[in-house]
Every structure is written in structure tokens, then in C-alpha cells.
Amino acid sequence: MGNPIKDIKKSIDKCKATADQIKLTLDDVKKDVDGVKKNVDRIKGEAQQKSADLKVAMATIKGAGDNTKEIGNSFMLCLHEVKALFSMKEESTLTTSTSTYSESTGEHQPSLQSSSRY
């Protein structure tokens, strides 16, 4: 048999070495966890920025849609005005292009429509 005090001392030294190794491993794990936390914070910040950018983009798209709708409405109003002007012009052309019969003279009066030739 060996010396029990030496055996106990050897066991204690082994335990100390194992404890030191565990401490080093825990330090490495702590560094890794700190790195992960930093990455999570960075990703969280990027996500918040992207969320804000997305909100701005969505507001811009909505604004563009509203502007497009407003432009479309203005165009339709303009189109209706142009149609109304053409209708008035057609009515004017129809009333002035027909010849009139003079009851007093019994003759056809010349058309009021002016024709310009170049």
C-alpha cells in the first residue's frame, strides 16, 4: 500500500487541476455568451432599423398610391372636360352647318359654317 497522505494529496491536486480546467472552460463559455449577446444586440438594432426603413418605404408606397389616385382623378376630370368641350363643339358645328330656309324670300341662306382653305 501506498502512503495515504500522499494519495489524498494527489487526489486534491487532480481536483485542483480539474477545477482550473473547468474555470478556463467557463471563462471561454462566458466570452462566447458575451459575443452572442453582442450579436443579438447588433441584429436587434439592425432589425429595428430595417423595421423603421420598412415603415418609411410603406408610407412612401402609400403616398405614391395616393398621388397616383389623385393624378388619375385629375386626369378623369380633364377627360370629362375635354369630352364636354367636344360635345359643345359638335353641337355648335351641327347648328351652324345646316342651311336655313328663309320664309320671307323662299331662298336657302348660305351656311353659317366658315370654311377656311389654305
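The values are calculated or read from the model by the stated rules, or taken from the named source; none is laboratory data. From a predicted model like this one, the values you see are computed outputs, not experimental measurements.
Residue check: is Asp66 at pLDDT 95 or above, of a type outside the set (Gly, Ala, Ser) and within 57 Å of the chain's Cα centre (by Cα)?
no
Only residues that are modelled with pLDDT under 90 and among the aromatic types (Phe, Trp, Tyr): list them for segment 69-92, please.
Phe86
Quick check: anything in segment 22-30 modelled with pLDDT under 85 and of a type in the set (Lys, Arg)?
no
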